[in-house]
Amino acid sequence: MDPKISYLIILVLFGMIFSSRCYGQNIYNVLDFGATGNGTNDDSQAVLMAWKKACGSTSGTSVMKFQAGIKYHLKPMLFEGPCLPKNIIIQMDGYVVAPSNISEWEGYERGSWLHFLNVNGLIVTGNGIFDGYGDIWWNIAKHGGGVQAPAGLGFHHCNNLKLNGFASKNSPNKHITIQGCIGVTISNVHILAPKTSPNTDGIMISYSSQLNIHDCFIATGDDCISIKSGSSYINITHIACGPGHGISVGSLGVGTTPSTVEHVHVKNCTFKGTLNGARIKTWNSGVGYARNITFEHITLLNSENPIIIDQDYAYLEGSSIKISDVTYRGFVGTSLSEEAITLDCAKLGCSGIVMDSVNLISALPGKNVTSFCKNADGRLISTYPNVPCLNKE
């Protein structure tokens, strides 16, 4: 071979290696750090070593890889930043299981089984499964054990976060918690737990903004998505929810700190066999507001409470949570309860409520549906059942 050609090939290869390390991706397969991948032995230390390498890498993007077809056993873990790469990708194609024995859950006091803290640019993607073995915790709750079960995946102060593709099943408590994050996209995620499992919310959001949640399937024992205080600018589209307790704003009004939720848009979602559909719930105490909230193009199949505002969720005299500018548009479906629409507002009142093109009928043959309305005002357009405290147009 011509020496000049050989020299050029060497330069090209060197450039590719240099580029991949400095500007491309470094891949850290947790098996290379000693994970056994047999689903029984503890792989936590191997995964932590891989995380430290990925977090401290000088490449533009680091990838921590859970290989497909392999079962990983992880105890409660903290994945802490800040990290050097602009993005860290957790390529989750394997099957990650939590301890099946309470004695192995040391460290869960952080609040989550797998807890991510101060990691910006984090991407969790793939076709794998996180299995929280929640039944051991549910049994404690059912017998009045008085122990707070941990969430499954916790993301705290993780800006520009992306979650895509994987499944979360049988979390001890809430499956995914988003707290103090700015810029979050959650898409094509499957969340599964039995209807009877306690407090297994699919996605819980608090003190976070600029979220886009779309094309997810959520079947749980509690809220499919719950939006807590400090949350704003949230778009939720194409969610299949059921069983579960619907998509909820709240509960709000716990304690003396003002509770605030605003600019929430829920669109093109389906609720099947849920306890609630579109719900806003506040304690009858506290201060704050929930405002600029829209639910539209919603389909309900055998929902107990298709539309509900409940300001007596927990009773303490003197509610100051103000609910305003809430729109329900394009609802169709069936209600298992006679009261298909409930606007149970506190003395402060709910203002600017709009019911537009709502058509709810009974899921029970030959039965009619009604509404309940207290301390609410707004507009009613082409809606059944009638809501008497709203002004017909």
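The values are calculated or read from the model by the stated rules, or taken from the named source; none is laboratory data. Only a predicted model underlies this, so the values are computations on that prediction, with no experimental measurement involved. We place every Cβ from the backbone using ideal geometry, glycine too, and count neighbours over all the protein chains shown. Ligands, DNA and RNA are stripped out before the accessible areas are found, and what is left, the full protein with its side chains, is counted by its heavy atoms. Shrake-Rupley method; radii C 1.70, N 1.55, O 1.52, S 1.80 Å.
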**Prompt:** Which residue, ALA151, ALA54, ALA363, has the most motion in a Gaussian network model of the chain that connects Cα atoms within less than 10 Å?
**Reply:** ALA363
**Asked** What do you reckon, how do ILE70, ILE225 stack up by accessible area (1.4 Å probe), largest on top?
**Response** ILE70, ILE225
**Item:** Where only alpha carbons of segment 337-393 are counted, the Rg and the Dmax (Å)
**Value:** 11.6, 38
**Item:** Interchain or long-range residues, amide H under 5 Å from ARG379's placed H
**Value:** ILE353, VAL354, MET355, ASN391
**Probe 1.4 Å, accessible area per residue of the chain, Å²** = 43 Å²
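What GluC sites (Glu not before Pro) does segment 279-364 have in DSSP loop regions with at most 16 other beta carbons within 10 Å?
Working: sites: GLU296, GLU304, GLU317, GLU338, GLU339; in loops: GLU304, GLU317, GLU338.
When the GluC sites (Glu not before Pro) of segment 279-364 are filtered for loop state and at most 16 Cβ neighbours within 10 Å, GLU317, GLU338 remain.
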**Complete:** Given backbone amide H placed at 1.01 Å from N, residues whose amide H is under 5 Å from that of VAL249, ignoring those fewer than 5 places away on the same chain, are ILE227, ARG279, ILE280, LYS281
**Item:** Within the chain, longest stretch free of exposed trypsin sites (Lys or Arg not before Pro) [DSSP loop, at most 16 other beta carbons within 10 Å]
**Value:** 196-346
**Request:** Work out from phi, with θ = phi - 60° and the Karplus expression 6.51 cos²θ - 1.76 cosθ + 1.60, the ³J(HN,Hα) of each residue of segment 177-194, listed in order in whole Hz, and give x for Gly and Pro.
**Result:** 10, 10, 9, x, 10, 10, x, 10, 10, 10, 9, 6, 9, 9, 10, 9, 7, x
**Prompt:** So how do SER197, SER371 rank on accessible area, 1.4 Å probe, biggest first, that is with the largest at the start?
**Reply:** SER371, SER197
**Fill in**
Given pairs LYS75/LYS169; LYS52/LYS174; LYS169/LYS228 and cut-off 24 Å on Cα-Cα distance, the over-length ones are LYS52/LYS174
**Phi-based couplings in Hz for segment 43-55 (Karplus 6.51, -1.76, 1.60; Gly and Pro marked x)** = 9, 4, 5, 5, 5, 5, 5, 5, 4, 4, 5, 5, 5
**Prompt:** So which chymotrypsin sites (Phe, Trp or Tyr not before Pro) in segment 247-299 pass both tests, a DSSP loop state and at most 10 other Cβ atoms within 10 Å of the Cβ?
**Reply:** none
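Given N residues in the chain, what is Rg(Cα) / (2.2 N^0.38 Å)?
Numbers: Rg = 23.9 Å, N = 393, 2.2 N^0.38 = 21.3 Å.
Normalised by 2.2 N^0.38 Å, the Cα Rg of the chain equals 1.12.
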**Request:** Quick one: accessible surface of ASP32, probe radius 1.4 Å, all protein chains present, in square angstrom to the nearest 10.
**Result:** 120 Å²
**Request:** Would you pull out the residues with amide H under 5 Å of ALA363's amide H, same chain only if 5 or more places away, H placed 1.01 Å from N?
**Result:** SER335, LEU336
**Message:** Quick check: at a probe of 1.4 Å, how many percent of the accessible area of the chain sits on carbon and sulfur atoms?
**Reply:** 54 percent
**Prompt:** Could you give the distance between the Cα centres of segment 257-308 and segment 192-216, to the whole Å?
**Reply:** 13 Å
